[in-house]
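Q: Pasting in a structure now, in structure tokens, and then I'll have a few things to ask.
Since every read-out is calculated from the coordinates, none of them should be taken as a lab result. Since we're looking at a predicted model, the values are computed, not measured. No Cβ is skipped: glycine too gets one built from the backbone with ideal geometry, and neighbour counts run over all protein chains shown.
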Amino acid sequence: MEALWGMLPEELKTLMQSWGEPGYRGGQLFKDLQKGLDFDGMTVLSKPLRERLRTEMPVPPVTILEQHESQEDGTVKLLYGLNDRNCVEGVLMRYHYGVTLCVSTQVGCAMGCLFCASTLDGCVRNLTAAEMVGQVLCANRLLKDSGERVSRLVLMGSGEPLNNYDEVLRFIRVVTHPDGMNLSTRRISLSTCGLPDGIRRLAKEGLELTLSLSLHAPDDETRKKIMPVAHRYTIAATLDACRAYYEATGRRFILEYALIDRVNASPEDAQKLSKLLKGYNCHVNLIALNTVKERNLYGASERQIARFIDILTANGISATRRRTMGDDIEGACGQLRKKRLEENGQ
Ligand code: SAH
């Protein structure tokens with residue numbers, strides 16, 4: 001059974017009724033679970049019911065194993081432990097407009113992007129919705145003392161969200177539910193390496209999520225060198241799906257582009273990218289690659305980045321540079337988990 005934390009009020013209502021409780025207990029339970037209360041703290045429920053929940057229901061799906069706070073910008077890198085001893089990562093970023101949490105959707109990842117540490121050992125398994133909710137609850141618990149709360153989510157931790165479609169959607173429906181955390185779908189970004197069928201399916205869900213496509217290249221040849229998914233789908237087919245997403249939702253989409261020295265960061269690449277994106281309702285987020293020495297991939301220099309952005313802007317393409325945060329705490333995907341696996345000799 002889906003662990004309680006990934007269940008919607010209607011489902012909890014059915015569960016409670018099957019236990020001989022009145023249906024409204026389901027709604028009360030949902031509220032308390034999404035507040036992060038443990039069963040003992042759910043004083044609105046009767047004592048015998050709390051007792052039964054404690055003995056029959058799975059323990060909370062996620063705990064924090066490690067936390068590292070950046071001295072530079074307050075970013076917190078988290079390593080979460082799951083009940084089967086797997087672990088995944090998260091990053092909590094503090095901006096002037098609130099706290100953003102980067103959520104993982106799978107243990108590892110199957111997509112094989114050359115620059116990404118999450119994918120080095122492939123995909124171990126999908127996360128359940130409850131395990132994704134658990135990440136947000138852990139972060140909120142951490143923030144409690146400072147009076148902060150997670151207000152935005154980016155599905156940019158380990159994993160390819162569209163390869164774990166049903167659980168990711170369930171997660172989104174739970175955290176946006178008005179009786180729970182009540183996050184706004186507009187404040188949730190789903191980032192994908194670009195699976196056109198999944199993008200088209202998402203377009204039909206009637207959600208106002210921000211769609212981010214990890215593009216990272218101005219043409220198919222370059223993309224194939226760094227992202228295996230480019231062998232399956234052309235950039236044209238992927239952008240077509242993004243256009244369909246825009247048409248269905250009215251939300252412009254974001255293109256993630258990590259600038260890699262001598263791979264995709266030259267002025268010619270910027271010209272090519274401008275041409276490619278003409279006519280799309282999109283915005284380009286540029287970032288310097290977090291260098292991966294093992295793969296000989298290095299982040300572009302400040303000068304290269306500035307020139308790249310100037311060219312895009314001059315060509316009428318909306319583009320900004322995303323701040324890199326938490327460089328001093330292994331902020332990039334998968335680095336912390338990788339380190340821990342290595343330390344444990346795995
Ligand atoms: N699978 C999804 C989401 C997880 S990756 C996706 O591909 O979008 C989140 C983002 O981090 C992606 O844009 C990914 O390309 C980027 N990323 C991974 N490794 C990186 C690195 N070393 N430097 C900069 N960005 C990186």
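Q: For the range 107-176, list log₁₀ I(q)/I(0) at each q in 0.13, 0.26 Å⁻¹, using the Debye formula over Cα point scatterers of equal strength and ignoring solvent, two decimals each.
A: Calculated log10 I(q)/I(0) at the listed q: -0.43, -1.14.
Q: Another question about this same structure. Between GLU10 and SER46, what length comes free when the chain is fully extended (0.36 nm per residue of separation minus the Cα-Cα distance, one decimal in nm)?
A: Values: separation 36, 0.36 × 36 = 12.96 nm, distance 1.98 nm.
Gain on stretching GLU10 to SER46: 11.0 nm.
Q: Let me check against my output: what whole-number percent is the relative contact order of the range 170-217, with C-alpha pairs under 8 Å and at least 6 apart?
A: Numbers: 43 pairs, mean separation 18.3, N = 48.
In percent, rounded to a whole number, it is 38.
Q: Taking DSSP loops as anything outside H, G, I, E and B, show the longest stretch in the chain free of GluC sites (Glu not before Pro) there with at most 16 other beta carbons within 10 Å.
A: Working: sites that count: GLU2, GLU72, GLU148, GLU205, GLU208.
Free of exposed loop sites, the longest segment is 209-346.
Q: Turning to a different aspect of this structure: May I have the convex hull volume per residue, in Å³, for the Cα set of the range 231-317?
A: Details: hull volume 9.3 nm³, N = 87.
Hull volume over Cα atoms, normalised by residue count, gives 107 Å³.
Q: May I ask you to list the residues of the range 190-207 whose amide nitrogen lies under 20 Å from a point 7 Å from Cα along the Cα→beta-carbon direction of GLU247?
A: 194-207
Q: I've got another one for you. Cross-link list LYS224/LYS272; LYS224/LYS278; LYS272/LYS293: which exceed 18 angstrom alpha carbon to alpha carbon? Before the final figure, lay out the partial values.
A: Details: LYS224/LYS272 16 Å; LYS224/LYS278 22 Å; LYS272/LYS293 27 Å.
Violating the 18 Å Cα-Cα cut-off are LYS224/LYS278; LYS272/LYS293.
Q: Report the rotationally averaged projected area of the range 2-56 based on its alpha-carbon convex hull, in square nanometres.
A: Numbers: hull surface 13.2 nm².
Seen from a random direction, the Cα hull of the range 2-56 projects 3.3 nm² on average.
Q: When the label point is put 7 Å from the Cα of TYR97 along its Cα-to-beta-carbon vector, which residues of the range 129-164 have a backbone N closer than 13 Å?
A: Counting only backbone N, you get 151-153.
Q: Now, a different point. Amide H to amide H under 5 Å from VAL154: which residues, 5+ apart in sequence or cross-chain, H placed 1.01 Å off N in plane?
A: Counting only residues 5 or more places away or on other chains, the set is LEU101, CYS102, VAL103, SER189.
Q: State the extension gain, in nm to one decimal, for the chain segment bounded by ARG125 and LEU65, taking 0.36 nm per residue of separation less the distance between their alpha-carbons.
A: Details: separation 60, 0.36 × 60 = 21.60 nm, distance 1.92 nm.
Stretched fully, the ARG125-LEU65 segment lengthens by 19.7 nm.
Q: Right, something else. Roughly what % antiparallel, to the nearest 5, for the DSSP beta bridges in the chain? Spell out each step's value before the answer.
A: On the way: 23 of 47 bridges.
Of those bridges, close to 50 percent are antiparallel.
Q: Each residue of the range 42-51 in turn: what ³J(HN,Hα) in whole Hz from Karplus with 6.51, -1.76, 1.60 and θ = phi - 60°, glycine and Pro shown as x?
A: Per residue, the Karplus-derived 3J(HN,Hα) values read 8, 5, 5, 8, 5, 4, x, 5, 4, 4 Hz.
Q: Would you work out if the range 191-269 is rounded, prolate or oblate? Take a ≥ b ≥ c from the square roots of the eigenvalues of the alpha-carbon gyration tensor; rounded if a/c is under 1.5, else prolate when a/b is larger than b/c, oblate otherwise.
A: The shape class here is prolate.
Q: For the chain, what does the relative contact order come out to in percent, with C-alpha contacts under 8 Å and a separation of six or more? Intermediate results must be reported in sequence, preceding the final value.
A: Working: 659 pairs, mean separation 52.0, N = 346.
Averaging sequence separation for qualifying contacts and normalising by length gives 15 percent for the chain.
Q: Taking θ as phi - 60°, what are the ³J(HN,Hα) couplings along the range 300-309 by the Karplus curve (6.51, -1.76, 1.60), each to the nearest whole Hz, with x for Gly and Pro?
A: Whole-Hz 3J(HN,Hα) from phi for the range 300-309: 5, 7, 4, 5, 4, 5, 4, 5, 4, 5.
Q: Calculated from DSSP H runs of 4 or more alone, at -39500 (n - 2.57) each and per residue, what is the 222 nm mean residue ellipticity of the chain, nearest 500? Don't jump to the answer; show the numbers that get you there.
A: Working: 11 runs with 121 residues, N = 346.
Helices in the chain give a 222 nm mean residue ellipticity of -10500 deg cm²/dmol.
Q: Restricting to DSSP loop positions (anything but H, G, I, E, B) with no more than 13 other Cβ atoms inside 10 Å of their own Cβ, which chymotrypsin sites (Phe, Trp or Tyr not before Pro) remain in the range 17-51? Don't jump to the answer; show the numbers that get you there.
A: Numbers: sites: TRP19, TYR24, PHE30, PHE39; in loops: TRP19.
Here the sparse-neighbourhood loop sites are TRP19.
Q: So, one more: May I ask for the longest run of the chain untouched by trypsin sites (Lys or Arg not before Pro) that are loop-located per DSSP and have at most 15 neighbouring C-beta atoms (other than their own) within 10 Å? Intermediate values should be presented prior to the final figure.
A: Numbers: sites that count: ARG85, ARG149, LYS204, ARG232, ARG252, ARG262, LYS278, ARG322, ARG323.
Here the longest run is 1-84.
Q: Please report the base-10 log of the normalised intensity I(q)/I(0) for the chain, using a Debye sum with one equal scatterer per alpha carbon and no solvent, at each q in 0.12 (1/Å).
A: With one equal scatterer per Cα and no solvent, log10 I(q)/I(0) is -0.87.
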